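Beneath this line is the structure, given in structure tokens, with notes to follow.
The values are calculated or read from the model by the stated rules, or taken from the named source; none is laboratory data. Since we're looking at a predicted model, the values are computed, not measured. As a convention, Cβ positions derive from the backbone with ideal geometry for all residues, glycine included, and neighbour counts pool all protein chains shown. In case anyone asks, the SASA skips ligands and DNA or RNA and just uses the protein heavy atoms, side chains included. Shrake-Rupley method; radii C 1.70, N 1.55, O 1.52, S 1.80 Å.
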Amino acid sequence: MVLSFGHRFPTAIKQIKRCNVLVIGSTGAGKSTLISSMLNFPISDSVTKSISNPPYQKPGLPIAIYDTPGLENNKKQQDRVKEQIAKFIKQQKYKEPEDQIHAIWYCVNSQVIRETQIDRRWISSIAKELPVIAVITRASGVEKSWLEPFLRGISEIKKVIPVMALREETDYYDIKPYGLDSLLFGTEHLLEEIAKTAILNAIKSKADKSFGWCRDGCTKVLTARLLPVPMMQTPLLATLQSWMLADISQTFGYNFDGEFLSELCAIGIGTTGIEVYLEQILNNLPGVHSDNIQTVHDVLSQFGVMLNGMTATLPFKDQLIDLLQGLDNFNPVSGFPIVRCIAAVTTALCTGFLAVAYIEAMKICKQAEYEGKPLPDIKETWKDQMQQLMEFIKIGFGIGSSPGFAN
């Protein structure tokens with residue numbers, strides 16, 4: 001079975017390269033023995049003091065197994081190990097799909113006699129992050145009385161698999177190794193779910209990093225827009241916007257030349273009319289007029305409340321609200337009267353909205369790449385995301401139809 005692991009789901013295993021399993025359990029639960037038997041690879045019997053990194057692997061097999069320190073009876077030690085495991089899972093979560101932790105094997109010795117020896121709450125919390133398979137080690141049949149039914153009753157656990165990793169011979173029985181193939185088979189059947197989750201995690205990581213470039217680009221554009229030398233503004237703004245898209249592209253692993261990115265900016269602004277619509281929205285917010293002076297902070301807060309109240313569920317809604325909060329807290333201008341800098345705020349918002357739509361386009365492209373599909377046309381994907389953004393603005397704020405895209 002080990003040699004054929006992944007063959008039933010070739011697309012999934014191709015996407016994640018290998019299945020990374022983290023083995024957890026109490027001290028003496030047989031974690032190291034399980035790994036050694038599974039990979040036919042000698043592992044030291046000494047107590048594991050930290051997570052084995054790099055993991056244990058066998059050449060040619062698309063599975064990697066991480067051993068972890070055992071959970072001892074000492075609560076302080078248990079908490080320390082749990083924290084170490086949680087930190088490791090988190091730090092790997094948003095790496096490339098092949099570097100993430102994909103599944104948990106939770107080892108429980110069949111000789112366990114009390115429910116209190118199983119930290120059900122902790123296992124349930126881990127299962128919210130990763131699929132958990134409960135492995136009953138040294139399974140001689142005694143586990144059928146209560147342990148196996150108890151573990152199967154924990155809904156968050158995907159599978160419960162009894163295993164005898166090494167032959168065990170006593171005065172009462174002689175049990176040859178069994179269950180390893182079942183464990184691999186059960187893990188293999190999670191591969192499609194694992195690959196899908198790993199891809200989404202990696203894309204989310206890149207998107208989260210990209211929003212930092214989005215906020216940075218907005219504040220730089222806002223500052224540049226307020227420069228007292230008008231002739232410097234247009235070329236400088238265009239350059240800042242192109243740089244922002246370049247940084248976002250590189251975060252997703254793509255490198256486009258400046259001319260192409262400038263063209264995207266021109267498409268996003270010139271053919272959608274987004275800047276005109278954003279200025280129209282700001283000018284028509286309650287209280288924005290010359291005899292009732294509101295600050296940039298007031299207006300952006302109001303804008304954010306209106307966005308938050310929309311029923312639309314487009315993917316960039318939350319990011320737009322986050323963008324507004326970032327600009328709202330930009331101290332150099334947050335206290336300015338809005339009537340003095342509404343054009344500058346409009347341009348900054350336009351820049352941010354462009355970035356948010358571009359990030360969505362990059363997510364679509366990256367997902368196709370991870371899934372082994374042809375890369376979509378960047379320009380067309382970008383246009384589609386900008387069109388969705390314009391529809392979001394048009395419906396949400398009740399403004400006229402957008403002019404659409406030129407061919």
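Taking packing as the residue-averaged number of other Cβ atoms within 10 angstrom, the listed peptides 85-98, 31-44 run from highest to lowest as 31-44, 85-98. Using a Förster distance of 56 angstrom, determine the FRET efficiency expected from the C-beta separation of residue 119 and residue 343, and round it to 0.05. Taking R0 as 56 Å, the efficiency between residue 119 and residue 343 is 0.45. Model label points for residue 7 and residue 182, set 7 angstrom from Cα along the Cα-to-Cβ axis, are 2.2 nm apart. By the rule of a C-alpha distance below 14 Å, with chain neighbours fewer than 8 residues away ignored, the aspartates and glutamates paired with residue 95 are 208. Only one residue of 160, 239, 226 has its Cα farthest out toward the positive end of the dipole of segment 128-250, where Lys and Arg carry +1 and Asp and Glu -1 on Cβ, and that residue is 226. Axis of helix 75-93 versus longest Cα principal axis of the chain: the two differ by about 50°, to the nearest ten degrees. Relative to the current alpha-carbon distance between residue 171 and residue 367, full extension at 0.36 nm per residue lengthens the span by 64.8 nm.
Among 262-269, 174-181, the peptide with the highest mean count of other Cβ atoms within 10 Å heads the list, and the full ranking is 262-269, 174-181. Taking each residue as 0.36 nm, the span from residue 40 to residue 58 lengthens on full extension beyond its C-alpha to C-alpha distance by 5.6 nm. A 1.4 Å probe run over the protein chains yields, for the chain, 48 Å² of accessible area per residue, whole-number rounding. Close Lys pairs in segment 146-236 (alpha-carbon distance under 30 Å; sequence gap of 8 or more, or different chains): 13.
Working from label points 7 Å from Cα in the Cα-to-Cβ sense, the residue 375 to residue 83 distance is 4.4 nm. Set against the labelled values (1) 20.5; (2) 24.7; (3) 22.2, Kirkwood radius over Cα pairs in Å computed from this structure falls on (2).
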